[in-house]
There are 4 protein chains.
Amino acid sequence: MKTSILAWMQEGSVTIPSLLISEYRSLKLNEYDLAIILNILEYAHKGNNFPTPEELSSRMTISINECTDLLRKLIQRGYIEIIEENSPDGIRYEKYSVEPLWEKLIEQFLLKQQNEKEMSRKSEEV
Amino acid sequence: MKTSILAWMQEGSVTIPSLLISEYRSLKLNEYDLAIILNILEYAHKGNNFPTPEELSSRMTISINECTDLLRKLIQRGYIEIIEENSPDGIRYEKYSVEPLWEKLIEQFLLKQQNEKEMSRKSEEV
Amino acid sequence: MKTSILAWMQEGSVTIPSLLISEYRSLKLNEYDLAIILNILEYAHKGNNFPTPEELSSRMTISINECTDLLRKLIQRGYIEIIEENSPDGIRYEKYSVEPLWEKLIEQFLLKQQNEKEMSRKSEEV
Amino acid sequence: MKTSILAWMQEGSVTIPSLLISEYRSLKLNEYDLAIILNILEYAHKGNNFPTPEELSSRMTISINECTDLLRKLIQRGYIEIIEENSPDGIRYEKYSVEPLWEKLIEQFLLKQQNEKEMSRKSEEV
């Protein structure tokens, strides 16, 4: 029993900003985009920073080709990017970065905050 | 600046078992099911334990009717359930429970563990 | 087995800003302050927003009186505060708020960022 | 503003089992042990799997010598261990593992569950 609970625990968890779940639609993402992003985050959490379309597709209800296509569009539209890094022993490798997505999410958050402020100001004026 | 970071922080985050992200397909869920479940968890985190199809649909790319339909199917197939509770002042209210989903996820985890054990046993016999 | 894993899962987890762990000393807090704050957060997570010194002390290595004393000092020094709220049925109740602590943590973060910027500017000038 | 929120976000958070916070005392740990363990987890989260007593002490209210002493006792008493691993390019390195702590926490959880079951059985018999 102890072993099973430990193994369950070691599968771990991913902590996601609430706003990604509540605002992905406002960011012009759909449910497939959300699922692919969550899987990129989950793979990164397990140490795989550049999952292949095969790996991503194996966990999703879409084909490898559709996965490649989704990834390409997310990169073109500026949600994720491929960056190059050097390992300690000097080997270059590629990894996905979701930093552009976080920037968009923060922009959306600031916009929402400003709208709410204006709405509360207007309702006070009435 | 301080106020903005505090407001950002207060939006909070949701901690999700990694296995839900990597195994939803094995559980016969699709990307819309995943997104609706994440939104139910996110609403619960904010204190709303029984979001309406309107509330869920407003964050998703699907219509209210499609949302109602998805919820009904998730209940029929035994992933989520509606339970009744009493508030401290005796008023009955309904809420979603995702406990059945966690049970399915644990079953899937135990099955996967057993398969891996058998595979490693077989590869040792060879 | 399934029941045990489910029970383990339902104990849940608390997500804490990394900076609270790495900067509590810079915020002039000690290890007892940190532990009491973590327990206030953990009780809140379980729905108890105003744990008594008895409840807090029962989980710590200090006496109820020492706990009362620590809480009083944290309030006096502006890390936590007691706020009053109304329940839906109009009953007033008290709860701890750690918002002042988050504000201090954000101030510390902004200060650290500024220092790092100045240090990197100075090292460029040399 | 966007840059500051992004920097704040990238500081990240650490997700800790609620039971570690509520049960460290039952595990015969004190507040210094808890703080050192949280810092080991936080350093690991940032990619440093073998923080030195200097690094740990710099975040705590205790001296480097006291830190070394605490670490030694935690290892002797079987809460953390030092394990050796090989990097992809064959270099051996040491890291802390808190797996023994999780095992003790799970044992404590199972014990507590059993006690509660017995107490509810006894109260039914009365």
Checklist entry - For the range D:1-99, which strands (runs of 3 or more DSSP E) that fit wholly inside it have 1 or more residues that are touching a Lys or Arg at 6+ places or on another chain (Cβ under 8 Å) and surrounded by fewer than 20 Cβ atoms within 10 Å (Cβ to Cβ)? => result D:81-86
Checklist outcome for this item: Counting only residues in the range A:19-47 that are within 12 Å of the chain's Cα centre (by Cα) and of a type in the set (Gly, Ala, Ser), the one modelled with the highest pLDDT is identified as A:ALA35
Checklist outcome for this item: Only one of C:ILE21, C:ILE36 is hydrophobic (A, V, I, L, M, F, W, C), in contact with a Cys (Cβ under 9 Å, 6 or more places away or on another chain) and within 10 Å of chain D (Cβ to nearest Cβ), namely C:ILE36
Next on the checklist: Whether any residue in the range B:47-55 is closer than 30 Å to C:LEU110 by Cα and in contact with an Asp or Glu (Cβ under 8 Å, 6 or more places away or on another chain) is what I want to check.
Outcome noted: no
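The values are calculated or read from the model by the stated rules, or taken from the named source; none is laboratory data. Keep in mind that this is a model prediction, so the values were computed, not measured. No Cβ is skipped: glycine too gets one built from the backbone with ideal geometry, and neighbour counts run over all protein chains shown.
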